[in-house]
Every structure is written in structure tokens, then in C-alpha cells.
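Notes to accompany the following structure.
The values are calculated or read from the model by the stated rules, or taken from the named source; none is laboratory data. In this text, all values refer to a predicted model and were calculated from it rather than measured experimentally. Note that each Cβ is placed from the backbone with ideal geometry, even for glycine, and that neighbours are counted across all protein chains shown.
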Amino acid sequence: MDFEVRSLDSMCINEEEVKTPSWYNLKYLVFGMMFGIILIKSEVISWFRIQEMFRLQNFHMYGVIGSAIAVGVISVFIIKKLNIKTIQGEEIHFPEKPFNKGIVIGGLLFGFGWAMTGACPGPLYAQLGYGSTVTLVTIFMAILGTWVYGIIRNKLPH
């Protein structure tokens, strides 16, 4: 296999175009498995925990979500304050996103689906890996919903 070595100082590189050996992607599998284990051990893939959250019966999920938001806010603050760059040396930009009613409609649809299925898209594969085969229905519907959105996207409020 021949690999072209490119200098990161002189150009911006699209990582998808860089040729790497197929085993190089194993790191994503390993990190994905580690993330799945964390989701399982923290019980955020538990249908019962999710139902408790939507019924306002338990703080567990709100604590997990709140912690993630806090880490995100602090991380963005540090990135902006210290002008941190990507691994490739590119500046990180946070574009302003205008508010529109599609955000509310999409959020409500997402929340209803989450409450009904007991799963948001992130941990679906962890649930499947944990042995919850009924999750295949939710995965199929998530893929179908994404496909339908792609078809009708131009007709929706953005």
C-alpha cells in the first residue's frame, strides 16, 4: 500500500479522502464499545429509567443529562477563551443559529418518540448489544424517519 504524506501546515485535509489501512478504523469500534458499556453501566439505556424521567419520578436521568450539559458548556467556554484549535490546527467556529418554529416541532417529535420507545437515537445500538432485540423496531423507525425527513426537508419550516 502506498500512502501520500501531506503536511498539515500548508493545507486543509479532508480526513475522508486520506487513504488508511482498514484496521485503522478499529479504534472507532473500541471507543464505541467503551461508550456502550458506559451507557449500560450508567443505566441511561434502561427503559424504566427513561420512563421514570418522563413521569418525573426520579432524578437519575436529569442528573446525567444535566452533567452532560455542564461539561459541554464548560468545554465550549474553554475552547472560546483559549482559542483552542482542532487536531489539524484549524480554528473552531461556533456559528450563530437563528431560532425557528421547526426547532420546537422537531424537539416535541423527538421527545414523544423518546418517551414512547424508551430510547433516544444515541443508545439504540447499546440497547441492541445488551440483548434488547425489540430495539430493532426502534432502529428501523429511526432510519425510516431520517429517510422521510430527507425527502420532505425542503417543505418543512427551517
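Among the residues of segment 73-96, is there at least one that is assigned by TED's automatic domain parsing to the domain that holds GLN51 and closer than 28 Å to THR138 by Cβ? No: segment 73-96 contains no residue that is assigned by TED's automatic domain parsing to the domain that holds GLN51 and closer than 28 Å to THR138 by Cβ.
Exactly one residue out of ILE87, ILE92, ILE50 is modelled with pLDDT under 90 and surrounded by 12 or more Cβ atoms within 10 Å (Cβ to Cβ), and it is ILE50. The number of residues in segment 62-112 being β-branched (Val, Ile, Thr) and either under 30 Å from LEU144 (Cα atoms) or in contact (Cβ under 8 Å) with a residue 40 or more places away in the chain (or both) comes to 6. Restricting attention to segment 135-158, the residues being among the aromatic types (Phe, Trp, Tyr) and modelled with pLDDT of 90 or more number 2. Restricted to segment 133-146, and to residues there that are polar (S, T, N, Q) and without any contact (Cβ under 8 Å) to a residue 12 or more places away in the chain, the residue that is nearest to LEU156 (Cα to Cα) is THR146.
Mind checking which residues of segment 107-144 are of a type in the set (Gly, Ala, Ser) and either more than 22 Å from GLY32 (Cβ to Cβ) or in contact with a Phe, Trp or Tyr (Cβ under 6 Å, 6 or more places away or on another chain) (or both)? Those that are of a type in the set (Gly, Ala, Ser) and either more than 22 Å from GLY32 (Cβ to Cβ) or in contact with a Phe, Trp or Tyr (Cβ under 6 Å, 6 or more places away or on another chain) (or both): GLY107, GLY111, GLY113, ALA115, GLY118.
Here ALA68, ALA115, ALA142, ALA119 are screened, and the one residue that is assigned by TED's automatic domain parsing to the domain that holds GLY36 and under 29 Å from GLU43 (Cβ atoms) is ALA68. Number of residues in segment 31-87 that are touching an Asp or Glu at 6+ places or on another chain (Cβ under 8 Å) and among the hydrophobic types (A, V, I, L, M, F, W, C) equals 1. Considering segment 95-128, the residues that are touching a Pro at 6+ places or on another chain (Cβ under 8 Å) and assigned to a helix (DSSP H, G or I) include one that is surrounded by the fewest Cβ atoms within 10 Å (Cβ to Cβ), namely LYS101.
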